[in-house]
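These notes concern the structure reproduced below.
The values are calculated or read from the model by the stated rules, or taken from the named source; none is laboratory data. Treat the numbers as computed from the prediction; the structure is a model and nothing was measured. Positions of Cβ are generated from backbone atoms using ideal geometry, with glycine treated the same way; all protein chains shown enter the neighbour counts. Accessible surface areas use protein heavy atoms only, side chains included; no ligands, DNA or RNA. Shrake-Rupley method; radii C 1.70, N 1.55, O 1.52, S 1.80 Å.
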Amino acid sequence: MAVLLLAEVNNGELAMDATAKAVTAAKALGDVTVLAAGASAAAAGEAAAKIDGVSKVLVAEDATLGHRLAESTAALIVSLAGDYEHIVAPATTDAKNVMPRVAALLDVMVISDASGVVDADTFERPIYAGNAVQTVKSSDAKKVVTFRTSTFDAAGEGGSAPVETVSAAADPGLSEWVEDKVAESDRPELTSAGVVVSGGRGVGSEDDFALIEKLADKLGAAVGASRAAVDSGYAPNDWQVGQTGKVVAPDLYIAVGISGAIQHLAGMKDSKIIVAINKDEEAPIFQVADFGLVADLFDAVPALTEKL
Amino acid sequence: MKVLVPVKRVIDYNVKVRVKADGSGVDLANVKMSMNPFDEIAVEEAIRLKEAGKADEVVVVSIGVKQSQETLRTALAMGADRAILVVAADDVHNDIEPLAVAKILAKVVEEEQPDLVLAGKQAIDNDMNATGQMLSALLGWSQGTFASELDIDGDKAVVTREVDGGLQTIKVAMPSIVTVDLRLNEPRYASLPNIMKAKKKPLDEKTAADYGVDVTPRLEIVSTAEPAARAAGIIVGSVDELVEKLKEAGAV
Ligand SMILES: Cc1cc2nc3c(=O)[nH]c(=O)nc-3n(C[C@H](O)[C@H](O)[C@H](O)COP(=O)(O)OP(=O)(O)OC[C@H]3O[C@@H](n4cnc5c(N)ncnc54)[C@H](O)[C@@H]3O)c2cc1C
Ligand SMILES: Nc1ncnc2c1ncn2[C@@H]1O[C@H](COP(=O)(O)O)[C@@H](O)[C@H]1O
């Protein structure tokens with residue numbers, strides 16, 4: 001059985017953590033070929049060749065594949081699909097944009113956000129914001145799957161898979177890239193950080209979000225936010241944790257001024273240790289917290305930052 | 001310009017979901033159902049395009065059980081002009097998969113010839129995040145997913161997308177499928193007079209068979225289980241105690 005895995009490539013660089021976690025999931029299905037696609041992808045392909053368990057790397061470099069536009073990337077994957085029973089990717093926004101398109105072109109269902117592999121046809125996936133876990137068995141000839149990275153450990157490095165180049169498929173030319181607004185940050189990436197400190201509506205303002213950021217920096221943590229905090233403009237959209245934001249499972253998750261709506265819990269309840277700081281002792285977040293502190297965050301967070 | 005908006009009837013987002021004891025699925029009997037929150041945003045955006053003089057007709061379509069007409073009436077009360085109900089299931093527990101939904105929508109698109117399809121990014125029941133992309137593939141159209149801003153500019157649409165790294169703006173050729181994210185707009189509530197008026201707006205009823213689409217699922221649901229529960233935690237009395245506990249647990 002052969003698996004084609006779409007690597008996560010951003011501006012020519014391999015997102016190692018997301019890709020290596022998907023490799024772990026894919027290894028259970030068969031021989032893994034990684035596809036690195038982009039306007040520049042050779043360096044990403046070289047990096048992917050070092051992931052343990054990768055048996056081959058395909059590099060597709062073409063201007064039309066830049067910025068991971070769905071139409072051209074899906075066309076490329078479909079042109080390669082003949083050789084593979086499984087076509088998989090980490091469940092990033094890029095892959096969620098591309099993979100359902102690939103599945104429909106192949107006339108198969110997509111299995112989004114799989115959190116477990118039972119066998120080559122059978123996968124577990126959370127539904128209803130993680131309030132239920134469904135096991136589904138595919139009857140399709142090819143399986144198109146995205147893997148929720150938070151539930152798989154990253155494969156190690158040390159491999160040296162051969163790298164081949166492939167050409168882009170004809171570009172349907174339907175979309176063009178205009179711009180990216182990417183916040184540069186020295187902090188760890190939210191989905192791979194060992195510690196995440198998240199703020200909610202209780203933080204009250206963009207300025208006061210600095211309290212959350214200071215605590216995060218003290219712990220070498222990534223910063224997250226609830227949807228309410230993002231909607232209120234306290235934090236950028238790419239910090240949102242939850243059903244419709246990012247799913248994280250760090251060793252330590254500190255939720256500050258977050259009530260704990262199910263849509264938020266969906267993105268963090270698999271964290272190893274959860275700390276909640278909230279002034280309302282009835283807040284549902286305390287039901288999932290290992291350590292709860294009922295306190296005003298404006299007192300507790302500076303004190304915690306100082307004492308750690 | 002004509003805008004088509006697919007809307008799904010789903011469990012209300014405030015309802016606590018219960019997994020059936022026999023593991024066959026989630027209990028949807030006598031549970032409050034509503035329009036998928038993302039689809040409300042899509043309907044709102046379509047109506048705003050009409051109000052801005054950019055669209056002249058908003059057609060909403062729902063696929064599923066007969067009761068989905070309630071969802072369509074809500075969309076009509078918000079301001080959509082016309083609705084199409086495609087009955088494809090007789091039990092609310094039979095969710096129609098995105099691939100089958102996309103195939104039916106492709107047929108509706110063929111009939112209706114919209115310039116823009118505005119769908120939700122994700123249905124909050126199956127959390128698939130797939131239908132818009134699949135429809136786009138079947139039609140060979142462009143796609144702009146996870147939109148937090150949308151601007152129609154002649155025969156192109158400029159879409160700002162919420163992506164992992166931040167925001168991406170792309171320009172897509174029309175006709176196009178755009179899937180909407182939560183921050184695109186805040187949907188209006190339907191007023192009572194508009195709810196009354198909506199009852200008189202046209203609602204066409206069809207079946208999946210009318211479109212010749214086989215809705216047999218490709219994914220067999222083997223089982224549905226409760227997620228693993230977390231062990232009960234403790235409430236600490238002070239910041240000092242919290243620090244101590246975190247150190248004991250090796251977390252800091
Ligand atoms: C379709 C859909 C998808 C969604 N997706 C997501 C998602 O991905 N992620 C997400 O987070 N939400 C999501 N939501 C929103 C979710 O339902 C909640 O509205 C949101 O999570 C609430 O954010 P919050 O906890 O910050 O705000 P609130 O619920 O307003 O809670 C604020 C908390 O702060 C506490 N507080 C206030 N002041 C202080 C203080 N001084 N000190 C200490 N505590 C204080 C309060 O006691 C309260 O518990 C979604 C909703 C829908 C409908
Ligand atoms: N049964 C359905 N009827 C109408 N629209 C649907 C249906 N299923 C999905 N959709 C549309 O597709 C979007 C994404 O759904 P999904 O791919 O299931 O997550 C929804 O927000 C709707 O706009």
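Once the C-beta distance of B:E241 and A:D153 is scaled by a Förster radius of 25 Å, the resulting FRET efficiency is 0.20 to the nearest 0.05. In this structure chain B gives 42 Å² per residue of accessible area when probed at 1.4 Å with all protein chains present. Taking a sphere under 13 Å around the Cβ of B:V87 and counting the other residues whose Cβ falls inside, with K and R at +1 and D and E at -1, yields a net charge of -2.
In this simple spin-label approximation, B:N94 and A:E281 carry label points 7 Å from Cα along the Cα→Cβ vector, and these lie 5.1 nm apart.
When a 1.4 Å probe is rolled over the protein heavy atoms, the share of accessible surface on the stretch A:195-275 that falls to carbon and sulfur comes to 46 percent. Separation of the stretch A:1-17 from the stretch B:177-235 is 32 Å, based on Cα centroids. Projected onto planes of every orientation and averaged, the convex hull of the alpha-carbon atoms in the protein assembly as shown covers 24.4 nm². Taking Cα pairs under 8 Å and at least six residues apart, what relative contact order does chain A come out at, in percent? Normalised by residue count, the contact order of chain A is 15 percent.
Rolling a 1.4 Å probe over the protein heavy atoms gives the stretch A:255-298 an accessible area of 39 Å² per residue. Around the Cα centre of chain A, unit charges on the Cβ atoms of Lys, Arg, Asp and Glu (plus for the first two, minus for the last two) sum to a dipole of about 640 debye. Note on the protein assembly as shown: with charges restricted to the Cβ of Lys and Arg (+1) and Asp and Glu (-1), its dipole about the Cα centre is near 1200 debye. Per residue of A:118-129, other chain Cβ atoms within 10 Å of the residue Cβ number 4 on average. Helix A:16-27 axis versus longest C-alpha principal axis of chain A: approximately 60°, rounded to the nearest ten.
Inter-chain neighbour count for B:136-146: the average number of beta-carbon atoms from partner chains within 10 Å of each residue's beta-carbon is 6. Spatial offset of the stretch B:103-169 relative to the stretch A:186-262 amounts to 28 Å, using the alpha carbon center of each. The residues packed around A:E176, meaning those with a beta-carbon under 14 Å from its beta-carbon, carry a net charge of -2 if Lys and Arg are +1 and Asp and Glu are -1. Note the angle between two axes, namely the Cα long axis of helix A:209-219 and the longest principal axis of the Cα atoms of chain A, as a number of degrees from 0 to 90, rounded to the nearest 10. For A:209-219 against chain A, the angle is about 70 degrees. Chains A and B together bury roughly 6500 Å² of accessible surface, counting both sides and using a 1.4 Å probe on protein heavy atoms. Accessible surface area normalised per residue over the stretch A:1-89 is 30 Å², counting heavy atoms of protein chains with a 1.4 Å rolling probe. Other residues within the sphere of radius under 13 Å centred on the Cβ of B:V10, judged by their own Cβ, net out at -4 (K and R +1, D and E -1).
Over the residues of chain A, the helix contribution to mean residue ellipticity at 222 nm works out to -7000 deg cm²/dmol, using -39500 (n - 2.57) for each DSSP H run of at least 4.
Normalising the average separation of contacting C-alpha pairs (under 8 angstrom, six or more residues apart) by the number of residues puts the relative contact order of the stretch B:1-95 at 33 percent. The calculated FRET efficiency for A:D186 paired with B:T207, based on their beta-carbon distance and R0 = 41 Å, is about 0.10. Simple point charges give the picture: +1 on the Cβ of Lys and Arg, -1 on the Cβ of Asp and Glu, and for the stretch B:111-217 a dipole about the Cα centre of about 420 debye. The fraction of accessible area contributed by carbon and sulfur in the stretch B:67-197 is 48 percent, rounded to a whole number (1.4 Å probe; ligands and nucleic acids excluded). Can you find, among A:I127, A:V144, A:L76, the residue farthest towards the positive end of the dipole of the stretch A:66-169? Put +1 on the C-beta of Lys and Arg, -1 on that of Asp and Glu. The residue sitting farthest along the positive end of the dipole is A:I127.
Normalised by the number of residues in the stretch A:109-194, the average gap of Cα pairs under 8 Å and 6 or more apart makes the relative contact order 24 percent.
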